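The values are calculated or read from the model by the stated rules, or taken from the named source; none is laboratory data. As the structure is a computational prediction, the values presented were derived from the model and not from experiment. Cβ placement follows ideal geometry from the backbone for every residue including glycine, while neighbour counts extend to all protein chains displayed. The protein model used for the area step is the full one, side chains on, heavy atoms only, and it has no ligands, DNA or RNA in it. Shrake-Rupley method; radii C 1.70, N 1.55, O 1.52, S 1.80 Å.
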Amino acid sequence: MPIAGPQAWNEDVSTVSRPLAGLTIIEAASKGPLALDLALGLCGRIAADLGANVIRLSERADTASDLTKEEIAFLHAGKKRLTASSSQFDHLLQDVCTHANALLCDVGLLDHIPLELKLPIASIGMSLEAPMSGSEFTIEARSGLLDLVGDPNRQPLRLAGHPLAYTAGTALYLAMMMGVIEHKAGEKSGPKRVDLLDIGVWLNWKTLGLAKRGARIPSREGSASEWFIVPCADGFVALVYRIQEWEALKQATGDQRLQDERFATIHQRREHSKELNAILSDIFSRKTRAQIRALSLQYKLPLGPVWTPAELLTDEHFKHRAFFHPTFFEGQTFPMPRLPVIWNGTAFPPAEQEQPA
Amino acid sequence: MKTLAHCRVLDLGIITAGAATSAILADLGAEVIKIESLSYKDPFRRWRGQIFPGEHPDMPPFFRMTNRGKKNVAIDLKSEHGRQVFLTLLAKSDIVVENFSRGVLDRLGLTYEVMRKANPEIILASISSQGESGPDERYVSFGSTLEAMAGLSALTGYRDGSPEISGVDYNYPDQVVAVFVASMITTAWYARQQGKGGAHLDLSQRELTSFLAGEAFLKKTALARIGNAQDHCLYQDCYLSKDKCWIALSILKTDQPALSLVTGTQDEAGLQNWIATHEADYILSHFKSAGIAAQKALGGNAVLQEQNAAWSRALGRARDGDLVKGVLFEDVSRPINTLSPTAHFATDTKEILMQIGGYTEEEIDALVELGAISLPDDHKG
């Protein structure tokens, strides 16, 4: 169903009709690695946005953890937050679980859960070998993901934010939903387990699939990469295209230099990639990001103007899709990204922050 | 795991985002039927020409790794007869996954409204670059396009450098979207079981990429690229050891006494120098003994060597022994399913049309004659 514009959005502010309405989910975090707390937090945030009543139980107050206030606001929108000392934690956990439909926890807490609790459990650890130690960054290093980004003559580079912890949090949500579905169907099942390192390796499947077959193993190539970023007139653009876009790229730029026979075939373009990339860099250095966006739309090119988060807050496309919602937290109003799904034409804005109990 | 054992998926997904979503559903026990046609096969079959000696030219590794556990049916959706075959199957299915460019399903006459008429309970997952509406609706992308457009690249990079993308070999947004979409589909499946009916899920990869960097939008001040550093760490970076290994270190503020004990220094220049004068294994053993997070930044071969020691389920074997994508999680009380190998083009057309669509052999022959469906080469008279 086409949406005419922002005014046409059906924003479901109540949680009653959301898909997980009626479910109570416990998100329990011990004093383990921050990456596990981030994954648990994201998993609970997804569930809360989908209508579940999410109760977060933590051994340390969020304000005393290593999370930034923005991370706390982003992750814990719409949750009830409880903090308990180590001596009270087990009792409180058992208490809140009694009437819950699912439990999310780190693997360090699995031994604290009484066997008589029959609710679905989705747990998360760092790796098989060391489930409660390490960091998101060292797990990215161990999964090979760091080796893929950056300049070959400089140190390996991480992607910004928490891509691994949040992917793991999304996988944890999937595991939890499987437990809930099985439980509703009366099926017998055990705790589900996600590990950050396995998720990192899963994300890196292309490299490992090639390595296993004895092929050239991908590693970071910097400016010699097939896709790379170059400066443009007012910022940067990611030059992303494949063989099928070559003709459109030539047409869109209208630059005679790209007609040179050195670039006639994919093999020739690879052979002369340095010269080709220098020409493309020159072409795009004179175009603004808005011009590049327009060209990409017109010629169906997958070029990526680099927008900053601040710029995206006023991006017309995001405005049209009502992607940001003003959300009140600790005396301030933040532009909160909503869950990235439109469900039968309905967006689910994040709930206002609950204050710690 | 057979949780979705009674769930049938029509998979129009291609390359990674769509095809990997359906592969996850197959892991969870769903019957996944991949639909291609002679005129439009999954472009992953021709990706970068990665064909290895002895392998079928239509079945390169990336395609096999992403399409294991599925059946394969050939229907030409551009033909009216093919479209009717698709709708007949859809009436007996539960989920459709698609990630075509926007406008393709409209042109095929297969909108959500048409699908819902054929099956009011259908769940349609529409995975797109930018979503189903908005001024950038028709923007095409690969994963790294979205890193740039979603705000992630602007924050990724060395302190003194340009923005960076994950690139063609990682292509982060294309991987994570499959996990998220499978999560939303199973949520819709749960909701349907609770009597909430079918659903159309409009899933924008650009929104997901922004959402997964969500806290960046809450910052009041402009963010800069800070290399490998993170707010909660005193120091976090990769440092080169004497034997030329990159050592990834996360040193928390609370690790300062331990850092001092191990290296005799508390500043980053001293740390860098200490690492440069010691061998990697020595460094790792000392940091680990001190409770500081440290690892070598591994390349592909070294990661593989750690299978079953440090990780286990991310890659698996299909029943024919082929190396394929593994699973995202395990149920500790159940074995992980072994998946059927990737089916060749059109392998299951006849069986699926007869068993699910109720077509007779004569009707199938007629549909082949019309070009509406295809059979594998060895089925042709």
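Counting Cβ atoms of other protein chains within 10 Å of each Cβ in A:174-184 and taking the mean gives 6.
Can you pull the percent of segment A:41-89's accessible area that's carbon plus sulfur, 1.4 Å probe, other chains left in place?
Numbers: 610 of 1310 Å².
Carbon plus sulfur share of accessible area: 47 percent.
Taking springs between alpha-carbon atoms closer than 10 angstrom, which of A:E71, A:E27, A:E316 fluctuates most in the Gaussian network model of chain A? Greatest mean-square fluctuation among the candidates belongs to A:E316. Think of the protein assembly as shown as a dipole: +1 on every Lys or Arg Cβ, -1 on every Asp or Glu Cβ, centred on the Cα centre; then among A:Q244, A:T83, A:H325, A:Q244 lies furthest on the positive end. Length, then width, then depth: along the principal axes, the Cα atoms of segment A:102-228 run 57, 27, 25 Å. A loss of 20 Å² or more of accessible area (1.4 Å probe, protein heavy atoms, ligands and nucleic acids excluded) relative to the isolated chain is seen in these residues of segment B:257-303: B:A293, B:Q295, B:A297, B:L298, B:G300, B:N301, B:V303.
Computed about its Cα centre, the charge dipole of chain B is approximately 440 debye, with only Lys, Arg, Asp and Glu carrying charge at their Cβ. Expressed as a whole percent, the proportion of Cα-Cα pairs in chain A lying more than 28 Å apart is 55%. One compactness figure for segment B:290-381 is 1.79, namely its Cα radius of gyration divided by 2.2 N^0.38 Å.
Eigenvalues of the alpha-carbon gyration tensor of chain B, scaled by 5 and square-rooted, set the equivalent ellipsoid semi-axes at 46, 24, 19 angstrom, largest first. For segment B:143-197, the solvent-accessible area of protein heavy atoms averages 18 Å² per residue (probe radius 1.4 Å; ligands and nucleic acids excluded).
The fraction of accessible area contributed by carbon and sulfur in segment B:233-304 is 51 percent, rounded to a whole number (1.4 Å probe; ligands and nucleic acids excluded).
Over the protein assembly as shown, DSSP H runs of length four or greater, each weighted -39,500 (n - 2.57), average out per residue to a 222 nm ellipticity of -10000 deg cm²/dmol. When B and A come together, around 12400 square angstrom of accessible surface is lost from both chains combined, probe 1.4 Å. Computed from the C-alpha gyration tensor, the three semi-axes of the ellipsoid equivalent to segment A:142-198 are 36, 10, 6 Å, from longest to shortest. The Rg/Rh ratio for segment A:6-210, using Cα coordinates for both the radius of gyration and the Kirkwood hydrodynamic radius, is 0.99. One quarter of the surface of the convex hull around the alpha-carbon atoms of segment A:226-307 equals 4.6 nm², the direction-averaged projected area. Solvent exposure of segment B:233-304 amounts to 45 Å² per residue of accessible area, where only protein heavy atoms count and the probe is 1.4 Å.
How much area per residue is accessible in segment A:6-210 when the probe is 1.4 Å and only protein heavy atoms are counted (Å²)?
On the way: 6020 Å² over 205 residues.
Heavy-atom accessible area per residue stands at 29 Å².
When only alpha carbons of segment B:133-286 are considered, Rg and Dmax amount to 21.2, 65 Å. Highest GNM mean-square fluctuation among A:A278, A:A39, A:A29, for chain A modelled with Cα contacts below 10 Å: A:A278. Taking every alpha-carbon pair within segment B:76-177, the share separated by more than 22 Å comes to 45 percent. Summary of packing: across the peptides B:117-124, A:55-62, the per-residue average of other C-beta atoms within 10 Å ranks them, highest first, as A:55-62, B:117-124. Determine which residues of segment B:17-40 fall in the zone a paramagnetic label at B:S340 would reach in this model, i.e. backbone nitrogen under 20 Å from the point 7 Å along Cα→Cβ. Under 20 Å, as judged by backbone N against the label point of B:S340, lie B:19-38 of segment B:17-40.
Round to a whole number: what % of the accessible area of segment B:20-101 belongs to carbon and sulfur, probe 1.4 Å?
56
Counting Cβ atoms of other protein chains within 10 Å of each residue's Cβ and taking the mean over peptide A:38-46 gives 1. Shape analysis of the protein assembly as shown based on the Cα gyration tensor places the equivalent ellipsoid semi-axes at 37, 33, 26 Å, largest first.
The distance linking segment B:115-185 with segment A:178-199 is 26 Å (Cα centroid to Cα centroid, whole angstrom). Once the partner protein chains are put back, segment A:232-279 shows a loss of at least 40 square angstrom of accessible area, versus the chain by itself, at A:F236, A:R242 (probe 1.4 Å, ligands and nucleic acids excluded). Extent of segment B:264-330 along its three principal axes (Cα atoms, max minus min coordinate, largest first): 54, 22, 17 Å.
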